[in-house]
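I have placed the structure first, in the form of structure tokens, so that the comments after it can refer back to it.
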Ligand code: ADP
């Protein structure tokens, strides 16, 4: 199954122009955690919590240029992630929208690492390829993979939306605030399946 993450969408064009040189570095260790977050789940939140301990500053990059029809607009996704981060009490985490090549975004933020979550074998091939190509674009930015708590590993935004669209209970997969947002959106757009 093809993954939708857009952090590398323009990579081919950029690759053909050659290797991207690294940008500014500061004394701080800065990490970028990119994703779609449509919507942010408890799996994402766990990766954020773990990642925030590894760096001085964690920048969550919310992609705004996804090709699929997202349930939430870029501004809504950014606001949701900000609200979740605030609720988690993490003070070294920022949330930024981006519509660019991931390595350029990371470079601009002064990051030395990209954080990614690994769920199962299904994630591995895509992540392996992306990390390998990103390494060639900028050898000074490392991709670091984290695993969420075992109970949170199966969670995927796509499945959360599917369950909600058919009237299923998503309480175990997202925060109460995100659940309310998803349920509202499903009601606004119309539920699928039997009304039981
Ligand atoms: P999704 O694939 O759920 O739509 P994103 O594109 O927003 O999510 O994913 C952003 C990053 O978070 C990716 O590295 C993805 O593998 C990771 N991630 C998402 N859900 C989980 C989870 N339950 N456990 C670990 N990592 C996750």
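The values are calculated or read from the model by the stated rules, or taken from the named source; none is laboratory data. Computed from a prediction, not measured in an experiment: that's the story for all the values here. Counting neighbours? That spans all protein chains shown, and the Cβs are built from the backbone with ideal geometry, glycine included.
Numbers below:
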item: Evaluation of residue 86 against (1) at pLDDT 95 or above; (2) in a loop (DSSP other than H, G, I, E, B); (3) out of contact with any helix residue (DSSP H, G or I) (no Cβ under 8 Å at 6 or more places or on another chain) (one fails), failing number; result: (2)
item: So residue 50, is it part of a helix (DSSP H, G or I), more than 13 Å from the chain's Cα centre (by Cα) and within 10 Å of the ligand (Cβ to nearest atom); result: yes
item: The lone exception for residue 144 - which of (1) surrounded by fewer than 17 Cβ atoms within 10 Å (Cβ to Cβ); (2) within 9 Å of the ligand (Cβ to nearest atom); (3) touching a residue at least 12 places away in the same chain (Cβ under 8 Å) it fails; result: (2)
item: Hey, residue 5 out of contact with any strand residue (DSSP E or B) (no Cβ under 6 Å at 6 or more places or on another chain), outside any helix (DSSP H, G or I), modelled with pLDDT of 95 or more and over 17 Å from residue 111 (Cα atoms) or not; result: no
item: Test for residue 111: is it in contact with a strand residue (DSSP E or B) (Cβ under 9 Å, 6 or more places away or on another chain) and either modelled with pLDDT of 95 or more or closer than 17 Å to residue 178 by Cα (or both); result: yes
item: Looking only at the range 114-135, and only at residues there that are in a helix (DSSP H, G or I) and touching a helix residue (DSSP H, G or I) at 6+ places or on another chain (Cβ under 7 Å), the one that is nearest to residue 29 (Cα to Cα); result: 134
item: Residue 155 being within 20 Å of the chain's Cα centre (by Cα), within 20 Å of residue 117 (Cα to Cα) and in a loop (DSSP other than H, G, I, E, B); result: yes
item: Any hit, the range 130-138, residues being buried (at least 19 other Cβ atoms within 10 Å of the Cβ) and touching a strand residue (DSSP E or B) at 6+ places or on another chain (Cβ under 7 Å); result: yes
